[in-house]
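The values are calculated or read from the model by the stated rules, or taken from the named source; none is laboratory data. Quick caveat: nothing in here was measured; it's all calculated off a predicted structure. Here the Cβ positions follow ideal geometry from the backbone for every residue, glycine too, while neighbour counts run over all protein chains shown.
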Amino acid sequence: MYWIYNLPIWLLGLIIVGGICSVACAVLVLIRPWGYSYFNITSDTNEGIGVFLASMGMLYGLLLGLTAVSVWENFDSAEELVNKEASSITLLYKASNMLDNPIKALLHQEIKDYLNQVINVEWTASDKSKVVNTGAIILTQYLNTLSTYHVKSVENQIYLTNLLTVYDQLIRDRRLRLLAEDMGVPFIAWVVILTVGVLIIVISFLIHLPSIRTHLIVMAIFSITLGLMIFLMVAIDNPFRGGISISSDAYSQILKDIQLGIYDPYL
């Protein structure tokens, strides 16, 4: 289902909201005469139908509310993981300043390469639902470069130990960020949400209203409201995909600061 995130956000909303509303209203027009006759629907049946709809609506509202909260928390959690990885990259660049050239220049360049890889390759691939892990190759090369560094003093050993600690933290933050790319509401939850929504719409066909025009207005308002809620959850369900997603701005800002020499005390 990731293909839906390749659609413009306005088109995704139009398909979900417009589709639910159109289908609900069309089915109402088709089956209302038959349903009223077959089930002997009169104004007297509204009380029973109303109580049933109120009960189902309360349970369904609770289900949607809990799902919406979960989706929003997942989005915030993924954004926090991105910011943590960006902070670790900054710390790694600063820690590399403590080593001597030429290895310091090599390490700095590899950090720049990693940032460019995340921004221009991994982030774009993630938005298209592709798995790309090329940044790991650059981080491995960073470690290989670091392993060639010869410790010349106790002070250098302390710097190197600190650098390795920051490197390990970056690896952990990166792994958590990659795992978060598959974060989302389970498929079975969507099945339940959509099934119960359809059942509520079907039951609302049995409400007795004197005018089909009034019935259509009520149905349109309800289905549009339901469609908007589902659209909101779908739009932010996958934090790294679609029109409403986490951007790579945190990494871009670090790369910009590095190019300006903000993190390098010798520039």
Report yes if Val82 is closer than 22 Å to Gly184 by Cα and crowded, with 16+ Cβ neighbours inside 10 Å, otherwise no. yes
What about Leu91, is it surrounded by fewer than 16 Cβ atoms within 10 Å (Cβ to Cβ) and more than 14 Å from the chain's Cα centre (by Cα)? no
Does Val51 satisfy the condition of being closer than 28 Å to Ile207 by Cα, exposed (fewer than 13 other Cβ atoms within 10 Å of the Cβ) and among the β-branched types (Val, Ile, Thr)? yes
Single unsatisfied condition, Trp34 versus (1) over 30 Å from Leu179 (Cα atoms); (2) surrounded by 15 or more Cβ atoms within 10 Å (Cβ to Cβ): (2)
Hey, does the stretch 203-216 have a residue that's crowded, with 17+ Cβ neighbours inside 10 Å, assigned to a helix (DSSP H, G or I) and in contact with a Phe, Trp or Tyr (Cβ under 8 Å, 6 or more places away or on another chain)? yes
Quick check on the stretch 249-260. Is at least one of its residues part of a loop (DSSP other than H, G, I, E, B) and on the phi < 0 side of the Ramachandran plot? yes
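Only one residue in Val191, Val196 is surrounded by 13 or more Cβ atoms within 10 Å (Cβ to Cβ) and either at pLDDT 85 or above or closer than 30 Å to Val218 by Cα (or both), so which one is that?
One residue alone meets the criteria, Val196.
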Qualifying residues in the stretch 147-159 (those that are of a type in the set (A, V, I, L, M) and part of a helix (DSSP H, G or I)) - the one surrounded by the fewest Cβ atoms within 10 Å (Cβ to Cβ): Val154
Considering every residue within the stretch 160-182, establish whether at least one is at pLDDT below 85 and part of a loop (DSSP other than H, G, I, E, B). yes
Among (1) in a helix (DSSP H, G or I); (2) among the hydrophobic types (A, V, I, L, M, F, W, C); (3) out of contact with any Leu (no Cβ under 6 Å at 6 or more places or on another chain), Ile49 falls short only on (3)
Would you say Asn101 is polar (S, T, N, Q), more than 26 Å from Arg175 (Cα to Cα) and not in a helix (DSSP H, G or I)? yes
Filtered residues of the stretch 27-41 (kept if free of Cβ contacts under 8 Å to residues at least 40 places away in the same chain and not in a helix (DSSP H, G or I)): Asn40
Just to be sure before I move on: is Gly13 over 17 Å from the mean Cα position of the chain (by Cα) and part of a helix (DSSP H, G or I) in the structure I sent? no
Ile119 fails exactly one of the following numbered conditions: (1) more than 20 Å from Gly261 (Cβ to Cβ); (2) of a type in the set (Val, Ile, Thr); (3) crowded, with 18+ Cβ neighbours inside 10 Å. What is the number of that condition? (1)
Given (1) in a helix (DSSP H, G or I); (2) modelled with pLDDT under 90; (3) surrounded by 10 or more Cβ atoms within 10 Å (Cβ to Cβ), where does Ala24 come up short, assuming only one miss? (2)
Residues that are of a type outside the set (S, T, N, Q) and loosely packed, with under 14 Cβ neighbours inside 10 Å, drawn from the stretch 94-108: Asp100, Pro102, Ala105
Do we have Leu53 as over 29 Å from Arg172 (Cβ atoms) and at pLDDT 85 or above here? yes
List pairs: first in the stretch 111-135 and under 18 Å from Asn238 (Cβ atoms) and at pLDDT 80 or above, second in a loop (DSSP other than H, G, I, E, B) and not polar (S, T, N, Q), Cβ under 7 Å, 6+ apart or cross-chain? Glu122/Val132
